[in-house]
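The values are calculated or read from the model by the stated rules, or taken from the named source; none is laboratory data. Everything quoted here is computed from the prediction, not taken from an experiment. Methodologically, a virtual Cβ is constructed for each residue, glycine included, from the backbone with ideal geometry; neighbour enumeration extends over all protein chains shown. Heads up: the accessible areas ignore ligands, DNA and RNA and are worked out on the full protein's heavy atoms, side chains in. Shrake-Rupley method; radii C 1.70, N 1.55, O 1.52, S 1.80 Å.
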Amino acid sequence: MSPSTPGTLITVAPTGAEHAKSDVPNLPVTLDELVATARDCERVGASMIHVHVRGADARPTLDLELLRDTVTALREQTSLVVQLSTGGAVTDPEEDRLRVLDALPDSASCTMGTVNFGDDVFMNRWEFVVELHNRMRERGIVPEYEIFDIGQLASLRRLLDEHGLPAGGHVHVDLVMGVPGGMPGDAETLVAALRAIPDGATFSATGIGRTTLPVMFAALAAGGHLRVGMEDTISYARGERVKDNAQLVARAAGLARIAQRPPLPAGEVRELLGVSQSNS
Ligand code: KMH
Ligand code: ZN
């Protein structure tokens with residue numbers, strides 16, 4: 001990744017699987033709320049959406065019908081690249097996480113290893129990761145390799161060596177920094193991670209909680225792309241809760257413009273990542 005990268009891919013991760021609606025009432029959880037959020041975020045600079053869906057009880061679910069309806073609705077009402085999470089919640093079984101791919105999104109997350117996740121464990125066995133990668137190749141779904149710790153970049157190199165390039169032929173990673181149990185969210189760690197990224201790959205970065213801003217500044221300075229959203233942080237500033245996801249996207253877009261790397265439109269992001277234009 002060169003610092004002269006022309007524009008910035010901004011991904012919004014609006015919901016996640018960790019926050020309870022009762023604790024965070026402005027979290028988008030219904031399909032209508034998700035689509036409205038997606039439209040607002042696209043308007044202020046997002047070009048990709050990382051989606052976790054919630055059921056009627058507002059709890060995380062991997063219900064295939066709901067995932068299919070969500071992909072359809074987001075495609076009909078936005079131009080965003082639609083990325084489904086295969087990470088789900090820490091309690092989701094592997095077969096349910098694999099089934100997410102049957103909803104045929106443009107892109108899907110593929111976490112490159114097991115990591116402690118607060119008091120929980122986010123399990124990603126090697127055979128499971130390989131299965132995700134291969135099924136995405138078969139279906140033409142472009143992966144985003146989620147990296148929670150630097151050693152997972154060595155696993156990514158092994159995956160590409162042993163199983164080939166992903167659908168679309170381009171490797172894009174997302175550094176998820178500052179998870180308790182994963183790599184810290186600071187500039188030093190981001191630079192260390194970049195040394196281990198496969199040649200020719202692009203990267204986004206997101207910092208969980210209070211690491212959001214340092215990671216955003218470091219990623220922009222290093223020529224990377226950005227992920228923001230209420231999945232990753234619900235506080236906007238010290239003592240101030242996030243108003244909505246668009247507020248986070250607008251801040252990221254403003255910083256990207258200041259860095260002379262304005263938000264990339266979704267069409268250019270599809271080209272960058274190797275996502276088929278015809279999926280939309
Ligand atoms: N919810 C986390 C356990 C992903 O979306 O692929 C995992 C996660 C990663 O959010
Ligand atoms: Zn996620």
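Which value in Å does the Kirkwood hydrodynamic radius of region 140-280 take, with 1/r averaged over all unlike C-alpha pairs and then inverted? For region 140-280, inverting the mean 1/r across all distinct Cα pairs yields 15.8 Å. In the full protein context, the chain carries 41 Å² of accessible surface per residue, based on a 1.4 Å probe and ignoring ligands, DNA and RNA. Given in Å, the Rg to one decimal and the Dmax to the nearest whole number for the Cα atoms of region 10-273 are 16.6, 48. Taken along the Cα-to-beta-carbon direction at a fixed 7 Å, the label points for L64 and Q277 span 3.2 nm. Our helix-only sum for the chain, with -39,500 (n - 2.57) per DSSP H run of n ≥ 4 divided by its residues, gives a mean residue ellipticity at 222 nm of -11000 deg cm²/dmol.
Any idea what the dipole of the chain comes to, in debye rounded to 20, about its Cα centre with Lys/Arg Cβ at +1 and Asp/Glu Cβ at -1? Write down the numbers at each step before the final one.
Working: 25 positive and 37 negative charges, 169 e Å.
That gives a dipole near 820 debye.
Note on V90 and A259: with the Förster distance fixed at 35 Å, the Cβ-Cβ geometry gives a FRET efficiency of about 0.55.
Counted residue by residue at 0.36 nm each, then reduced by the alpha carbon distance between them, the extension gain from A192 to D102 reaches 28.8 nm.
Using only alpha carbon pairs under 8 Å that are at least six residues apart, calculate the relative contact order of region 157-229 and give it in whole percent. Provide the component values of the computation, followed by the final result.
Details: 97 pairs, mean separation 22.9, N = 73.
In percent, rounded to a whole number, it is 31.
For the chain, the relative contact order comes to 25 percent (Cα pairs under 8 Å, sequence separation of at least 6).
Would you tell me the accessible area of K243, worked out with a 1.4 angstrom probe on the heavy atoms of the protein chains, in Å² to the nearest 10? Result for K243: roughly 130 Å² accessible. The apolar share of the surface of region 175-280, taken as the fraction of accessible area on carbon and sulfur atoms (1.4 Å probe, ligands and nucleic acids excluded), comes to 55 percent. T30 versus H163, label points 7 Å from Cα toward the beta carbon: distance in nm? Rounded to a tenth, the inter-label distance reads 3.8 nm. On the beta carbon distance between A20 and D199, with R0 = 30 Å, the FRET formula returns roughly 0.10. When the Cα centres of region 248-276 and region 6-84 are compared, how far apart do they sit, in Å? That distance is 18 Å. Modelled this way, with points 7 Å down the Cα-to-C-beta line, the labels at A221 and W126 are 3.6 nm from one another.
For region 1-79, what D do you get in µm² per second when you plug the Kirkwood radius from alpha-carbon pairs into Stokes-Einstein at 37 °C and 0.692 mPa s? Spell out each step's value before the answer.
Working: Rh = 13.5 Å.
Value of D from the Cα-based Kirkwood radius: 243 µm²/s.
Largest mean-square fluctuation among S107, S22, S79, in a Gaussian network model of the chain whose springs join Cα atoms under 10 Å apart, belongs to S22.
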